[in-house]
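The values are calculated or read from the model by the stated rules, or taken from the named source; none is laboratory data. Values in this document were obtained by computation on a predicted structure and should not be read as measured data. Methodologically, a virtual Cβ is constructed for each residue, glycine included, from the backbone with ideal geometry; neighbour enumeration extends over all protein chains shown.
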Amino acid sequence: MYLSWHGAWIAPGVTRASFSTPAALVLALAALGLATGCGPRKVDPKLATYVSKFEQEAHSSVSSNVEFKTLDGYRGFCNPDMPRNHVWIDPRAWADTEGDAIAQELLVFHELGHCELSRPHDNREDSRGIPVSIMTSEGLGMLEASYSENRQQYIDELFRRPEAQADATATP
């Protein structure tokens, strides 16, 4: 898209005459931005703490909307097929983890891993059968105890930092 008020055209097939004033152009661009998901992101206040933690670890801002939505058969879900990625957390799953900050962080980080990092599921396990990635599809409950003790290794693996190793969480 070409944006020039003084030029002959704004975008292919759209001339300056299409807009009667600069304000009309601004309104048209604002409508386009909202229609394409460029408006402000939405983060449910109950999830905001974990989104902020993810941003701190990622050293970048989250662009996905992160909200509650009733999901049948899923605790969380990343929907990348919208103008803006959406992370949805099932409110029943969230209620089940009430007071368990580790379980809540794992759930939000897992879904943001899909939407923000384009990470697929990763079902690798260490020699003890414990998942080595937050991106496991085998159930996040399996790694809660290990996560507490080895959080930094899981975070490094999630963001694919060089210091992360394939079996970083294995401590004999």
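Would you check which residues across segment 73-91 are surrounded by fewer than 17 Cβ atoms within 10 Å (Cβ to Cβ), in a strand (DSSP E or B) and of a type in the set (Phe, Trp, Tyr) and list them?
PHE77
With respect to the numbered conditions (1) at pLDDT 95 or above; (2) within 19 Å of ASN150 (Cβ to Cβ); (3) of a type in the set (Lys, Arg), which one is the sole condition not fulfilled by LYS46?
(2)
Which members of segment 57-81 meet the condition of being over 18 Å from GLU98 (Cβ atoms), more than 13 Å from the chain's Cα centre (by Cα) and of a type outside the set (D, E, K, R)?
HIS59, GLY73, TYR74
Going through ILE102, ILE155, ILE134 one at a time, which residue ends up being surrounded by 12 or more Cβ atoms within 10 Å (Cβ to Cβ), touching a Phe, Trp or Tyr at 6+ places or on another chain (Cβ under 9 Å) and more than 29 Å from ASP72 (Cβ to Cβ)?
Details: ILE102 fails: more than 29 Å from ASP72 (Cβ to Cβ); ILE134 fails: more than 29 Å from ASP72 (Cβ to Cβ).
After ruling out the rest, the residue left standing is ILE155.
Given the structure, is TRP94 crowded, with 16+ Cβ neighbours inside 10 Å, within 16 Å of HIS110 (Cα to Cα) and within 10 Å of the chain's Cα centre (by Cα)?
No; evaluated as a whole, the condition is false for this residue.
Residues being farther than 19 Å from VAL62 by Cβ, among the aliphatic types (A, V, I, L, M) and without any contact (Cβ under 8 Å) to a residue 40 or more places away in the chain: count how many of those fall in segment 109-139.
Of the residues in segment 109-139, 1 are farther than 19 Å from VAL62 by Cβ, among the aliphatic types (A, V, I, L, M) and without any contact (Cβ under 8 Å) to a residue 40 or more places away in the chain.
I want to confirm something. Restricting to segment 105-131 and keeping residues that are within 20 Å of the chain's Cα centre (by Cα) and either at positive phi or among the small types (Gly, Ala, Ser) (or both), which single residue is surrounded by the fewest Cβ atoms within 10 Å (Cβ to Cβ)?
Residues of segment 105-131 within 20 Å of the chain's Cα centre (by Cα): 105-123.
The next check asks that each one be either at positive phi or among the small types (Gly, Ala, Ser) (or both); those that pass are 113, 118.
On the way: GLY113: 23, SER118: 10.
Result: SER118.
Consider THR70 carefully, then state whether it is farther than 15 Å from CYS115 by Cα, out of contact with any strand residue (DSSP E or B) (no Cβ under 8 Å at 6 or more places or on another chain), assigned to a loop (DSSP other than H, G, I, E, B) and of a type outside the set (Gly, Ala, Ser). Show your work before the answer.
Working: farther than 15 Å from CYS115 by Cα: yes; out of contact with any strand residue (DSSP E or B) (no Cβ under 8 Å at 6 or more places or on another chain): yes; assigned to a loop (DSSP other than H, G, I, E, B): yes; of a type outside the set (Gly, Ala, Ser): yes.
Judged against the criteria, THR70 is a match.
Out of curiosity, is GLU57 surrounded by 13 or more Cβ atoms within 10 Å (Cβ to Cβ) and either modelled with pLDDT under 95 or not in a loop (DSSP other than H, G, I, E, B) (or both)? Give the steps one after another, and end with the answer.
Details: surrounded by 13 or more Cβ atoms within 10 Å (Cβ to Cβ): yes; either modelled with pLDDT under 95 or not in a loop (DSSP other than H, G, I, E, B) (or both): yes.
In short, yes.
Could you look through segment 147-169, keep only residues that are in contact with a Ser or Thr (Cβ under 6 Å, 6 or more places away or on another chain) and at pLDDT 90 or above, and pick out the one that is nearest to HIS121 (Cα to Cα)? Lay out the reasoning, then the answer.
Our first condition is that a residue be in contact with a Ser or Thr (Cβ under 6 Å, 6 or more places away or on another chain); within segment 147-169, this holds for 150, 153, 157, 169.
Restricting the remaining residues to those that are at pLDDT 90 or above gives 150, 153, 157.
Numbers: ASN150: 19, GLN153: 17, GLU157: 13 Å.
The residue in question is GLU157.
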